Structure formats: C-alpha cells, structure tokens
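K.L.:
Quick one: the structure is below, questions incoming.
The values are calculated or read from the model by the stated rules, or taken from the named source; none is laboratory data. No experiment lies behind these values; they were computed from the predicted model shown. A quick note on method: Cβ atoms are made from the backbone with ideal geometry, for glycine too, and the neighbour counts reach across all protein chains shown. Calculation scope for accessible area: heavy atoms of the full protein, side chains included, ligands and nucleic acids excluded. Shrake-Rupley method; radii C 1.70, N 1.55, O 1.52, S 1.80 Å.
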Amino acid sequence: REQVRREAEAAAAASEGDVAATDDGEDAAQVDEESSDVATDAVATTEQADPAAAVAAIVAEQTATIEADAAAINQRAEGWTFVLPSWKYANLAKTMDDLLKAPE
C-alpha cells in the first residue's frame, strides 16, 4: 500500500513539474494528457490494492489538472486590470438590507 501511495504522489509531483514546463511554450493540453496517463496508470495499480488509495490517486489527478489550468489562466491574464461599470458593481455591493423586503 505504501508503494502505491508513493507512486500516486510521484505521479502528482510529475504533473506539477509539467506545469512548470509550460512556461517554455509547451501546450497545456499536452501536459494534461501526459499527467493524466501517469495518474491513470497509478489509479489502475492502486484500485487493486486499496480503494482509499484509488480515491486519493483520482483526487491527485484532478488536482493536478485544475492546478495546470489555473496556472495557464494566471499566466495569460497576468497584469490585466478589470473594470466593472457602476451598474454591475452596485449589484455586487448590495447589503442584506438592500436585498430583503421591508417588513409590513
């Protein structure tokens, strides 16, 4: 069981290392595919040994995918400034009193 857990962690660590590799122009989808293949192999091995470890491997795979997507978005949107029109901001800044009907 310990070996399977280490393999799942290694797969997750490898996918985190792949996220850093996207900085040099590597396609994020390709990184996701590669990390998914590694994690899928770890899941297949883990399912036979321990169901809890299989769940942990799936969570690690999904976490790695989400982190890769977030890193790609953050890289693309770095330095952007977002401006909301006042009429949109007014809806975000309402208090509970503004939303509730006054008692009769």
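K.L.:
What is the spin-label model distance, in nm, from F82 to D50 if the labels are put 7 Å beyond Cα along the C-beta direction?
P.N.:
4.0
K.L.:
Something else about it: Suppose the chain between A70 and D98 were pulled fully straight at 0.36 nm per residue; how much longer would it get relative to their current alpha carbon spacing? Write out the running numbers ahead of the final one.
P.N.:
Numbers: separation 28, 0.36 × 28 = 10.08 nm, distance 3.44 nm.
Contour length minus Cα-Cα distance gives 6.6 nm.
K.L.:
Here's a follow-up. So how much accessible area does R76 have, in Å² to the nearest 10, using a 1.4 Å probe?
P.N.:
We get 150 Å² for R76.
K.L.:
If you keep only loop residues by DSSP, which chymotrypsin sites (Phe, Trp or Tyr not before Pro) in segment 47-104 have at most 11 other Cβ atoms within 10 Å of their Cβ?
P.N.:
Working: sites: W80, F82, W87, Y89; in loops: W80, F82.
In loop regions of segment 47-104 (DSSP not H, G, I, E or B), the sparsely surrounded chymotrypsin sites (Phe, Trp or Tyr not before Pro) are W80, F82.
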